[in-house]
Amino acid sequence: MSETHEFDKTISTRTQTTSTAVGGDPARINICQLDSHSAVRFGLECKIRSQYDMHWIGSGSDFREVAALLREFTCDVVIVEYQLEGLENDGWNLIKQFQRNFPDTRLLVYTGYMSQATQALITRAGVSCVLSKRCSMDKLISVIRELGFASWHSRFHGDRKRPKPPEIQFDSMNIAPASNNEALDGAGLSTREMEVLRCLLQGMSVSEISHKFVRSIKTISSQKQAAFRKLSVSSNQDLFRLQKSFHIR
């Protein structure tokens, strides 16, 4: 009997006799979500609740809310938006918080936009999967199921015949994993945006860059923000991480 059929058989028998218990549903894939948009959370919740083999734990708009759920319930897959609105918008640190506090939970980054550079960076950090919000809901459910089954299997069988998690998904972004400066080339940075980035990486402030190139502070700031958007970074710290990973000069 294949592993998937084994999963289906267990689900069909256990869901008839097992009610949802505190701590999660042991017979199904337990899922929660972190996203700052309530409409996105509601839409996914409705879809998850309609799946016979999935159990919706809950969702939150920040790490604190989701962490409270993960401490109370067993969770197989956390679906995370990389670029949150508000104060908690450093996606890298968010991922590290999950990995540090909940190392056994698989992370699926589900995001509206991500550059090749950032995508390659976070997958090196150990994220299980990256999907674009442009992908179909059926695609998302399929990936959740694949990730969740690997986690579910380990809960029932330990490491015995533990299936490998799915390979990192890039197809929904229509890009391949990036390496070195190919990632930056694909971001579409202008010459002036690259000039600003190089100066920032040398430790220069916006006002110092303004003086160097005889451009207004407003212009330099706009070029900096445009470059950050194209690279999907939100802070100078993110930029320095990219420098270390891709050897920007």
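General remarks:
- Boolean, V80 is of a type outside the set (K, R), under 30 Å from R229 (Cα atoms) and buried (at least 20 other Cβ atoms within 10 Å of the Cβ): yes
- Condition met for I220 (at pLDDT 90 or above, in contact with a Cys (Cβ under 6 Å, 6 or more places away or on another chain), not assigned by TED's automatic domain parsing to the domain that holds N93 and not in a loop (DSSP other than H, G, I, E, B)): no
- Any hit, region 21-43, residues being at pLDDT 90 or above, among the charged types (D, E, K, R), under 19 Å from S142 (Cα atoms) and in the same structural domain as R134 (by TED's automatic domain parsing): yes
- In region 227-248, the count of residues that are over 22 Å from Y82 (Cα atoms), at pLDDT below 80 and buried (at least 18 other Cβ atoms within 10 Å of the Cβ) is one or more.
- Reported count of residues in region 193-206, each being exposed (fewer than 15 other Cβ atoms within 10 Å of the Cβ) and part of a helix (DSSP H, G or I), is 1.
The values are calculated or read from the model by the stated rules, or taken from the named source; none is laboratory data. For clarity, every value in this text was computed on a predicted model and none was experimentally measured. So basically every Cβ, Gly included, is an ideal-geometry build from the backbone, and we count neighbours across all protein chains shown.
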